[in-house]
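Below you'll find the structure, written out as C-alpha cells, and then a few comments.
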Amino acid sequence: MSEEGADWLLSSLYQLISWGASAAMIFGGIVPYIPQYRDIGRTQNAEGFSVYVCLMLLVANILRILFWFGRHFESPLLWQSIIMIATMLLMLKLCTEVRVASEISTKRRVFTDFDMNFFWHWSRFTDYMQCVLAFTAVVGYITYLSLDSVLYVETLGFLAVFTEAMLGVPQLYRNHQNSSTEGMSIKMVLMWTSGDTFKTAYFILNQAPFQFTICGLLQVIVDITILLQVYLYSRYPQKPVSHITHATGAKAL
C-alpha cells in the first residue's frame, strides 16, 4: 500500500472513531435510564428512584446550554444536554403518573401553591413543566444581560457541571435512608459509572473547559460510592421499599 493510501486509511479510521465518540457522548448519557424506566413501567412502583435526580439533571443541562452562549464548547456536548433534558422530562412524566395512581390521598399539589414542603413532588406533570420553563426564563434573562461578564459566564459553567457532578447524591441519600438499594436499577448505576468514566476521558482528551473535567471526576467518585452501598446492603436482609403515600414521604429525597 502506498504512503498516500495509508494516510487516507488512517485519516478515515480516525474520522470514524471521532464520529463514534461523538455519538457515544450524545446518546450515551440517556442509556442508563432505559432499564430504570422499564423497571418503573413494569412494576408500577417509582419509590426506588429519586425524582431529584431528574431535577439535578434538568438544572445542570439547562445551565450548560446557557453556558454555551457565553463560551462555545463541542457540539456533541450541547446536543447531549438537549437530549438529556427530553429524557428527564419523560422520566418525570412516568414517575408522576405511577405515584399519583398509587396515592391514597385525593389532595392534589400544584406548582402554583408554592409550598416548599411539596416542592418537586407535584401531582401533575404540567406543574413540573411550569417550574422548568420558569427557571429557564429567569436564568436565561439574567444570562442575556450578563454575557459580557467573564466572571458570570465561568461561574455559570461551574454551577452547571457541579450540579451534574452531584447527580448521584439524591440516590445515594435515598439508599441511605432506606438502608437498602431495592427498587434502584443496579444496571443504571453500572452504566452511570462506565459512562462517566468514558465522559471524563473524553473531556481530558478534547481539552474541554476545566469545569467539565472536575464534573466527570466527582461523578465517578459518587457512582463508586453507590456501588459500595449495593455491596454493603446486600450483606444484610433488605427491608421492602415502603409504598408510602406522598403525604408522608414528600420531604424524602
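Could you say which residue among Asp127, Asp148, Asp113 is free of Cβ contacts under 8 Å to residues at least 24 places away in the same chain and buried (at least 19 other Cβ atoms within 10 Å of the Cβ)? Steps first, answer last, please.
Details: Asp148 fails: buried (at least 19 other Cβ atoms within 10 Å of the Cβ); Asp113 fails: buried (at least 19 other Cβ atoms within 10 Å of the Cβ).
Among Asp127, Asp148, Asp113, only Asp127 is free of Cβ contacts under 8 Å to residues at least 24 places away in the same chain and buried (at least 19 other Cβ atoms within 10 Å of the Cβ).
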Subset of segment 1-38, residues open to solvent by less than 50 Å² (accessible area, probe 1.4 Å) and either touching a Ser or Thr at 6+ places or on another chain (Cβ under 7 Å) or not in a helix (DSSP H, G or I) (or both), comes to Gly29, Ile30, Pro32, Tyr33, Pro35, Gln36
Which condition number in (1) in contact with a Lys or Arg (Cβ under 8 Å, 6 or more places away or on another chain); (2) among the β-branched types (Val, Ile, Thr); (3) more than 18 Å from Tyr128 (Cβ to Cβ) is the one that Ile17 fails?
(1)
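The values are calculated or read from the model by the stated rules, or taken from the named source; none is laboratory data. Computed from a prediction, not measured in an experiment: that's the story for all the values here. With ideal geometry, Cβ positions are generated from the backbone for all residues, glycine too; neighbour counts draw on all protein chains shown. Ligands, DNA and RNA are stripped out before the accessible areas are found, and what is left, the full protein with its side chains, is counted by its heavy atoms. Shrake-Rupley method; radii C 1.70, N 1.55, O 1.52, S 1.80 Å.
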